[in-house]
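This report refers to the structure that appears directly beneath it.
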Amino acid sequence: MPKIVRTRVEFEGEVRERMAVVVEDQVLPWSAREKLDIVGRPHPRVGGRQIVTGGATYTADVQIPGMLHCKIRRSPLPHAEVLSIDTAEAQTLFGVRGVLTHANAPRIRWFGNSFLFDRFVRFEGDEVAAVAADSEEIAEDALDLIHVRYRELPFVVDPEQAMKPDAPRVHKEGNVIGGPEGDVYERGNLEEGFARSNHVFSERYETQAAVHNCLEPHCCVAMWNGDELVLWTSTQHAYGVRDGVAAALGLPLHKVRVICEFMGAGFGSKQGAGKHEVIAALLAKMTERPVRLYPSRREENLAGGVRHPTIQYLRAGVRRDGKLMALHLRSIANVGAYGTDSSEVGGPVRELYDCANVRTEQFAVYTNAGPAAAFRAPGYVEGMFALESMMDQIAYSLSMDPLQLRLVNYARKDPVRGATYSSKPLDEAYRTGAKMAGWNLRAKAQQMGARRRGLGMASQIWGGGGGPPAYAIIRLNSDGTADLVTGTQDIGTGTKTVLVQIAAEELGLKAEDIRITVGDTLAGPYAPVSAGSMTVPSMGPAVRAAAKSAREELLSLASALMQVSAASLSIRNGIITSTTPSKTVAVSDVTRRIGDFMIVGKGARGPNPPNVKVRTFGAQFAEVEVDVETGDVTVTRVVAVHDFGRIINPLTSGSQIEGGIVQGIGFALMEERFVDPESGTSLNANLEAYKIPTILDIPIIEHALIDRPDESCNSIGSKGAGEPPIIPTAAAIANAVYDAAGVRVRSLPITREKILVEIGKLKLQPKPAGEAPGPAQKRRRPRRG
Amino acid sequence: MKDTVRSGVLAQRRRRGPGKLQLRLNVNGETYEVMVEPRRTLLDVLRDDLGLTGAKKVCDRGQCGACTVLLQGVPVYSCLKLAIECEGKPVETVEGLMSNGRLHPLQQAFIDHDAFQCGFCTPGILMSLKALFDRNDSPTEDEVRQAVEGNLCRCGAYSKVLQAALSVARANEQE
Amino acid sequence: MRAFDYVDATSVEDATTFLQDEADSALIAGGTELLVLMKNKVINPRLLINVKSIDGLHRIRADGEGSLTIGSVATIAELGSDEVVQRSFPILADAIRVAASPQLRNMATVGGNLCQKPRCWYYRGSFDCFLKGARGCHALNGQNRGSGIFGRSECYAVNPSDLAPPLVALGASVVIQSPQGRKQISLADFFTLPRGELLNQTILGRDEMVVEVRIPKQPHRSRGVFLKAMERKTWSFAQASVAMQLSRSDDRIEDVRIVLGAIAPIPWRATAAEDALRARALTRQLIEVASAAAVEGAHPSGDNRYKVTLVRELVKRGLSALLNT
């Protein structure tokens, strides 16, 4: 029976205690020794055939007869008051069916005290008006015929400027979210820690605004059936969109249906209802026609979200033996005009190492830049770059092996709460990775003319334990096949495949005999957002519980039909076997004989274990080649070892690792949104000047998985794999660049410009003693422990 | 002088547009007639007029490769081709890759090697590779990389794309 | 894109007559540049004149004497796979190999490549700038990592063509036609610094069209190198490039052309470096002198300082590669 419990739910680095209605998980975890047929083996993607034939229907591909096309007129200014909007000319253009502005749209509150169409625009790209027309071309022509008068307001795009008391205010409440103190965490006594340190290091790090650039934009199609809204949308959370859109439009939840069958990626930027969905719904209502809204790549880059750019001041105190005595981080995250403060930049400093005296001060600051949004391990990617660059610097200064320094400061327990970990094989990841990467052989300096080779490493910590609520239903059909139905969505990670494997394993059916339906709020029960690396650990146990319930019902009917006790029955490959007496019967025989009486299994995710910290861990080793004359950086090899508990599908988990590393390489070396300081507008809102990695930028990626079930975290023993792989990549590359070229670039991306400037500096003025050694000193490499 | 004027007038009559006009296109061996403006791209015609939504619209500026189709056998970005330029020229899209209900070996290899994640870039990558394999059925690793260097994959499935393509190349070599 | 008329040109005369008759018209060949500018509404022509339909204009002809004539609508891929190019003008083949992407090389034409507009994000974006008839240059004090270090005029945008530096280094010329007639000029003179009334990086007039590019026979024992630095490993415009072609007699350098790409509004002849090399034997010391001379007079404006180091190094590497050939 369901009951109300307090459970700790961790999401993207933030832990929240909350009340949850849960069904106590009746399913015992699969033990490490359990022999599983389908789980743990490579399984090709469910839906793969549709993808490779072009038959997969993404939101982008949804076409409804009579559908109109919507285009949005956006602010060209970073900050202004809209004085007037004249739409008369646009309305008369042939083929224009509806125009929406603040004058005729309902006053729907959006983001604090502003509105869907607000009198103030706060970044270049803010929505000002929308047009629905017979074709995209006409809609676009109409945009040019809308005349808007603005009163320009002073703007601020630099977060440190924005923190000053006299800075232009982006929102009335002030620019620093939560007030001028920021978000402070403290343990121990920081000053004492520094006092007891032999060395104190202090550095400034900077990370850039990286654009998600999901290939499928934030698109949607809205259609009304009477008073019911059907919304196809590219989202990471169908239920979240349902709730958000219903609230915005004042509709009861059962009048909104959200569908997302195939999804062209999110990376964190599509976590709930967006303005575009509400605008499409309003225009569909106004025109009584289905409306498609498909943003251009430029709009996507302006308004679709970016990783919070950060500035981080990190101070570390260490004893002579490398023991961390104090860590102090002051971080400033630029959330743009409408971002949130959800980026836990201080997470790695707080919880990666065993350090008694720690203080983190996180500031999240509004500016008139495009809004920030969660981007694959928000905060941790940025924070890990600073912390692990610092650790590398400390190691070199102390003539210690960087890996040894990490082991000296290894945290056996969660340093924040003192809780034990459900499992922590980070030391094993270090060892395995070091061996694979040839860490101990790296002392041999490798030089080929101007090309210098180097190896660097960095650690990973992240949540990924998932939690309730999450539900699934399994229905057995009369021919022995099954329908697995959940409200989750597959954002490209392989969710459908993994859930089918779990259901097939528990039910004893062949995977191909199970069809999964996801991404339809009408069909499946509630499922959480596909973010925070929590889909598999949240949904997996729910699916397994549903399958178990269906299996038990099936076996109890089979036992009656076979006249044996249910306890002696098991199912494999669609065959029910009784041990005593020895008998077999096909599942389809049982279901056929019960006819259209349907076995329906219901499953829910149980609560997380109390007093245990669930974390994923890993380590990456990057090998780079730096051309010290041209500043070219080539990543030649990345070794990754991660722990996600039990691996359900090595094929898809491997893809997650490779994908995270590829994005990490982009973040480390080339990706950056540029904003013109003079006008506050974006310069590279496209895929030509905003660079993402191509196939030629990708090195050999070798990965190993610590494939060991975490039996205490949930009934499938799995943790999430989506975000961990991107966390250490940039830091490992930055450290490898140092190892290769003797320059430490503390601002991402590590471009040719920065390398050449750093090398130029070294040539001009050798760094003072005690600082990082330059290339000339490089041959005197510290001995490795 | 007179001649020039006269030919100029005649020439002006050859102008087509800016309104809709009838075009005849050959896609995957089928002939289609559509009524579109000269400004409509091949990509938009494929997707919105013919319902062939395999080729994807991502950047719409020739900067991503998701709209790659073959025009007269060579890969092009269909977002930078006007439909009117493609009259009478054979177009191949991912929808035409299967033959007799069977997957193309590249398609099968993509499934077997998990050579995609969200799959939005996949039709474009498959068409770039199809063009490569049409002229060279057992390409080297470098040739495969060069063939898909004009296709961005944001999920980062590149190494598996490479493995998938090379598995087909090896199979072809052994034949 | 705004609506427009479309016409298939039947001949070069036909195309240029349309250009003359319709002030608001543009030629379309590969479309990879034009359609992007139109989609971004940087330009909004009312008539597109398709020149791919002109008979023979895509032809690449070798005359057997070592020179080559390239029709202006030959695609870059066609040029790159041309045997004569690969054999006799390898720096051009090398430049093509690292230009754009396979799809773009299949579409883009040689003429279009030489006529393309700068990639400066201020020009491409919604900024009023010199090239759009306004005063001043936003790049000068803005985000200018891509801006030029040579040839400063009212505009600081660099010429993005990957083909232009090797073609200039090979001494190529272009044939231009207008309703008034045909002329042939050296490719080096085709490019010009935008200034005054001239809001362009080429001298091409409104009703003129590039018809052919001609590459002359190279001297005996002529060798070349092309190098390009990018922001990622492929499919990027150059941050800097260098094309050099050098011929020797009795180990003395007879003729040398060093052309720098992506560092000035035009393909930039490193004349000081050429002067340093001419009539001397190529040695390591001379290479140092010449590569330093290549960046003499460079005036970076901020974020583009790295280009000075980069160009010097590319020139040095290029010459070093020629040392033992």
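The values are calculated or read from the model by the stated rules, or taken from the named source; none is laboratory data. Small disclaimer: the values here were computed from a predicted structure and weren't measured. In this analysis, Cβ positions are derived from the backbone assuming ideal geometry, glycine residues included, and neighbour counts consider all displayed protein chains.
Checking A:Arg551 against (1) more than 42 Å from the chain's Cα centre (by Cα); (2) not in a strand (DSSP E or B), which single condition isn't satisfied?
Status for A:Arg551: all satisfied but (1).
Does segment A:209-217 include one or more residues that are of a type in the set (A, V, I, L, M), more than 27 Å from A:Arg350 (Cα to Cα) and either without any contact (Cβ under 8 Å) to a residue 24 or more places away in the chain or within 14 Å of another protein chain (Cβ to nearest Cβ) (or both)?
Pass one, segment A:209-217, residues of a type in the set (A, V, I, L, M): A:209-211, A:215.
Now drop any that are not more than 27 Å from A:Arg350 (Cα to Cα), which leaves A:215.
Checking which are either without any contact (Cβ under 8 Å) to a residue 24 or more places away in the chain or within 14 Å of another protein chain (Cβ to nearest Cβ) (or both) leaves us with A:215.
Within segment A:209-217 (the criterion being of a type in the set (A, V, I, L, M), more than 27 Å from A:Arg350 (Cα to Cα) and either without any contact (Cβ under 8 Å) to a residue 24 or more places away in the chain or within 14 Å of another protein chain (Cβ to nearest Cβ) (or both)), the answer is yes, since at least one residue qualifies.
Tell me, yes or no, whether segment C:143-154 has at least one residue that is in contact with a Lys or Arg (Cβ under 6 Å, 6 or more places away or on another chain), surrounded by fewer than 23 Cβ atoms within 10 Å (Cβ to Cβ) and within 14 Å of chain B (Cβ to nearest Cβ).
Within segment C:143-154, none of the residues are in contact with a Lys or Arg (Cβ under 6 Å, 6 or more places away or on another chain), surrounded by fewer than 23 Cβ atoms within 10 Å (Cβ to Cβ) and within 14 Å of chain B (Cβ to nearest Cβ).
Can you list the helices (runs of 4 or more DSSP H) found entirely within segment A:65-162 that contain at least 3 residues being surrounded by 19 or more Cβ atoms within 10 Å (Cβ to Cβ)?
Numbers: elements: A:88-92, A:136-144, A:159-162.
Answer list for segment A:65-162: A:136-144.
Which condition number does A:Arg242 fail, the rest of (1) crowded, with 22+ Cβ neighbours inside 10 Å; (2) free of Cβ contacts under 8 Å to residues at least 12 places away in the same chain being met?
The one condition A:Arg242 does not meet is (2).
Kindly indicate which of A:Pro528, A:Pro541, A:Pro537 is touching a Cys at 6+ places or on another chain (Cβ under 8 Å) and under 23 Å from A:Phe11 (Cα atoms). Quick ask: steps written out before the conclusion?
Details: A:Pro528 fails: touching a Cys at 6+ places or on another chain (Cβ under 8 Å); A:Pro541 fails: touching a Cys at 6+ places or on another chain (Cβ under 8 Å).
After applying the criteria, what remains is A:Pro537.
Do we find that A:Leu705 is without any contact (Cβ under 8 Å) to a residue 12 or more places away in the chain and more than 14 Å from chain B (Cβ to nearest Cβ) in this structure? Reasoning before the result, please.
Numbers: without any contact (Cβ under 8 Å) to a residue 12 or more places away in the chain: no; more than 14 Å from chain B (Cβ to nearest Cβ): yes.
For A:Leu705, the condition - without any contact (Cβ under 8 Å) to a residue 12 or more places away in the chain and more than 14 Å from chain B (Cβ to nearest Cβ) - is not met.
Answer yes or no: is there a residue in segment A:642-650 that is at negative phi, assigned to a helix (DSSP H, G or I), at pLDDT 95 or above and not hydrophobic (A, V, I, L, M, F, W, C). Full working, then the answer.
We begin by selecting, within segment A:642-650, every residue at negative phi; these are A:642-644, A:646-650.
Filter once more, keeping what is assigned to a helix (DSSP H, G or I): A:650.
Next, only the ones that are at pLDDT 95 or above stay: A:650.
Now drop any that are not not hydrophobic (A, V, I, L, M, F, W, C), which leaves A:650.
Taking every residue of segment A:642-650 in turn, at least one turns out to be at negative phi, assigned to a helix (DSSP H, G or I), at pLDDT 95 or above and not hydrophobic (A, V, I, L, M, F, W, C).
Name the residue that is farthest from A:Phe267 (Cα to Cα), counting only residues in segment A:515-549 that are free of Cβ contacts under 8 Å to residues at least 40 places away in the same chain and not small (Gly, Ala, Ser).
Residues of segment A:515-549 free of Cβ contacts under 8 Å to residues at least 40 places away in the same chain: A:515, A:517, A:523.
Applying the additional criterion that residues be not small (Gly, Ala, Ser) yields A:515, A:517.
Numbers: A:Arg515: 26, A:Thr517: 22 Å.
Here the answer is A:Arg515.
Quick one: how many residues across segment C:213-240 are outside any loop (DSSP other than H, G, I, E, B), away from chain A (no Cβ under 14 Å) and surrounded by fewer than 23 Cβ atoms within 10 Å (Cβ to Cβ)?
Residues of segment C:213-240 that are outside any loop (DSSP other than H, G, I, E, B), as a first pass: C:213-215, C:222-229, C:240.
Subset that is away from chain A (no Cβ under 14 Å): C:213-215, C:222-226.
So of that shortlist, the ones also surrounded by fewer than 23 Cβ atoms within 10 Å (Cβ to Cβ) come out as C:214, C:222-223.
Final tally of qualifying residues: 3.
For every residue, the table says whether it meets (1) surrounded by fewer than 24 Cβ atoms within 10 Å (Cβ to Cβ); (2) in a loop (DSSP other than H, G, I, E, B).
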| position | (1), (2) |
| --- | --- |
| A:Met457 | no, no |
| A:Gly466 | no, yes |
| A:Pro469 | yes, yes |
| A:Ile473 | yes, no |
| A:Gly480 | yes, yes |
| A:Asp483 | yes, no |
| A:Ile491 | no, yes |
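Return the residue satisfying two criteria in turn: it lies in segment C:21-30 and is facing another protein chain (nearest Cβ under 9 Å) and not acidic (Asp, Glu), and of such residues it is farthest from B:Pro18 (Cα to Cα). So that I can check it myself, show each step before the final result.
To start, the set of residues in segment C:21-30 that are facing another protein chain (nearest Cβ under 9 Å) comprises C:21-22, C:28, C:30.
So of that shortlist, the ones also not acidic (Asp, Glu) come out as C:28, C:30.
On the way: C:Ile28: 16, C:Gly30: 20 Å.
For segment C:21-30, the residue satisfying everything is C:Gly30.
Answer yes or no as to whether A:Ala622 is touching a residue at least 12 places away in the same chain (Cβ under 8 Å), under 21 Å from the mean Cα position of the chain (by Cα), away from chain B (no Cβ under 12 Å) and surrounded by 22 or more Cβ atoms within 10 Å (Cβ to Cβ). Don't jump to the end; show me each part of the working.
Details: touching a residue at least 12 places away in the same chain (Cβ under 8 Å): yes; under 21 Å from the mean Cα position of the chain (by Cα): no; away from chain B (no Cβ under 12 Å): yes; surrounded by 22 or more Cβ atoms within 10 Å (Cβ to Cβ): yes.
No: the conditions fail for A:Ala622.
Does A:Glu711 fit the bill of being acidic (Asp, Glu) and either at pLDDT below 95 or surrounded by fewer than 16 Cβ atoms within 10 Å (Cβ to Cβ) (or both)? Can you show your working first?
Working: acidic (Asp, Glu): yes; either at pLDDT below 95 or surrounded by fewer than 16 Cβ atoms within 10 Å (Cβ to Cβ) (or both): yes.
In short, yes.
Being among the acidic types (Asp, Glu) and without any contact (Cβ under 8 Å) to a residue 60 or more places away in the chain is true for just one of A:Asp144, A:Asp134. Which residue is that? Please lay out each step first, then the result.
Values: A:Asp134 fails: without any contact (Cβ under 8 Å) to a residue 60 or more places away in the chain.
So the residue among A:Asp144, A:Asp134 that is among the acidic types (Asp, Glu) and without any contact (Cβ under 8 Å) to a residue 60 or more places away in the chain is A:Asp144.
Exactly one of these conditions fails for A:Ser530: (1) surrounded by fewer than 24 Cβ atoms within 10 Å (Cβ to Cβ); (2) of a type in the set (Ser, Thr, Tyr); (3) at pLDDT 95 or above. Give me its number.
The one condition A:Ser530 does not meet is (1).
Yes or no: A:Glu203 at pLDDT 95 or above, surrounded by 15 or more Cβ atoms within 10 Å (Cβ to Cβ) and either assigned by TED's automatic domain parsing to the domain that holds A:Ala90 or assigned to a loop (DSSP other than H, G, I, E, B) (or both)?
Working: at pLDDT 95 or above: yes; surrounded by 15 or more Cβ atoms within 10 Å (Cβ to Cβ): yes; either assigned by TED's automatic domain parsing to the domain that holds A:Ala90 or assigned to a loop (DSSP other than H, G, I, E, B) (or both): no.
Considered against the rule, which asks whether it is at pLDDT 95 or above, surrounded by 15 or more Cβ atoms within 10 Å (Cβ to Cβ) and either assigned by TED's automatic domain parsing to the domain that holds A:Ala90 or assigned to a loop (DSSP other than H, G, I, E, B) (or both), A:Glu203 comes out as no.
Quickly run through segment C:2-11 and pick out the residues that are surrounded by fewer than 22 Cβ atoms within 10 Å (Cβ to Cβ) and more than 8 Å from every other protein chain (Cβ to nearest Cβ).
Result: C:Thr10, C:Ser11.
Conditions tested, residue by residue: (1) surrounded by fewer than 22 Cβ atoms within 10 Å (Cβ to Cβ); (2) in contact with a Gly (Cβ under 8 Å, 6 or more places away or on another chain); (3) on the phi > 0 side of the Ramachandran plot; (4) more than 14 Å from chain C (Cβ to nearest Cβ).
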position: B:Phe116; (1), (2), (3), (4): no, yes, no, yes
position: B:Asn151; (1), (2), (3), (4): no, yes, no, no
position: B:Tyr158; (1), (2), (3), (4): no, no, no, no
position: B:Ser167; (1), (2), (3), (4): yes, no, no, yes
position: B:Asn172; (1), (2), (3), (4): yes, no, no, yes
position: B:Glu175; (1), (2), (3), (4): yes, no, no, yes
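Which of the strands (runs of 3 or more DSSP E) found entirely inside segment B:51-114 contain at least 3 residues meeting this: within 9 Å of another protein chain (Cβ to nearest Cβ) and of a type outside the set (Ser, Thr, Tyr)? Lay out the reasoning, then the answer.
Values: elements: B:68-71, B:74-77, B:90-92.
Correct list: B:74-77.
Taking segment A:327-354 on its own, how many of its residues are under 19 Å from the mean Cα position of the chain (by Cα) and crowded, with 23+ Cβ neighbours inside 10 Å? Steps first, please.
Applying the first criterion (under 19 Å from the mean Cα position of the chain (by Cα)) to segment A:327-354 yields A:333-336, A:338-348.
Now narrow it down to the ones that are crowded, with 23+ Cβ neighbours inside 10 Å: A:333-336, A:339, A:343-348.
The qualifying residues number 11.
Can you tell me which of A:Pro415, A:Pro425, A:Pro378, A:Pro402 is assigned by TED's automatic domain parsing to the domain that holds A:Glu623, under 30 Å from A:Ser269 (Cα atoms) and at pLDDT 95 or above? Working first, answer last.
Details: A:Pro415 fails: under 30 Å from A:Ser269 (Cα atoms); A:Pro425 fails: under 30 Å from A:Ser269 (Cα atoms); A:Pro402 fails: under 30 Å from A:Ser269 (Cα atoms).
Answer to the selection: A:Pro378.
Which residues, taken from segment A:39-95, are touching a strand residue (DSSP E or B) at 6+ places or on another chain (Cβ under 7 Å), away from chain B (no Cβ under 11 Å) and hydrophobic (A, V, I, L, M, F, W, C)?
The answer is A:Ile64, A:Leu68, A:Cys70, A:Ile72, A:Leu77, A:Ala80, A:Val82, A:Leu83, A:Ile85, A:Ala90.
Before we move on, is A:Val633 more than 26 Å from B:Ile111 (Cβ to Cβ), among the aliphatic types (A, V, I, L, M) and surrounded by fewer than 24 Cβ atoms within 10 Å (Cβ to Cβ)? I'd like the intermediate steps shown before the answer.
On the way: more than 26 Å from B:Ile111 (Cβ to Cβ): yes; among the aliphatic types (A, V, I, L, M): yes; surrounded by fewer than 24 Cβ atoms within 10 Å (Cβ to Cβ): no.
Taking the combined requirement at face value, the residue does not satisfy it.
Specify the residue that is surrounded by the fewest Cβ atoms within 10 Å (Cβ to Cβ); the eligible residues are those in segment C:31-50 that are farther than 12 Å from C:Met1 by Cβ and at the interface with chain B (Cβ under 8 Å from one of its Cβ atoms).
From segment C:31-50, those farther than 12 Å from C:Met1 by Cβ are C:32-33, C:47, C:49-50; that's our starting set.
After this cut, where a residue has to be at the interface with chain B (Cβ under 8 Å from one of its Cβ atoms) as well, the list is C:32, C:47, C:50.
Numbers: C:Thr32: 26, C:Leu47: 23, C:Asn50: 20.
Looking at the filtered set, the residue picked out is C:Asn50.
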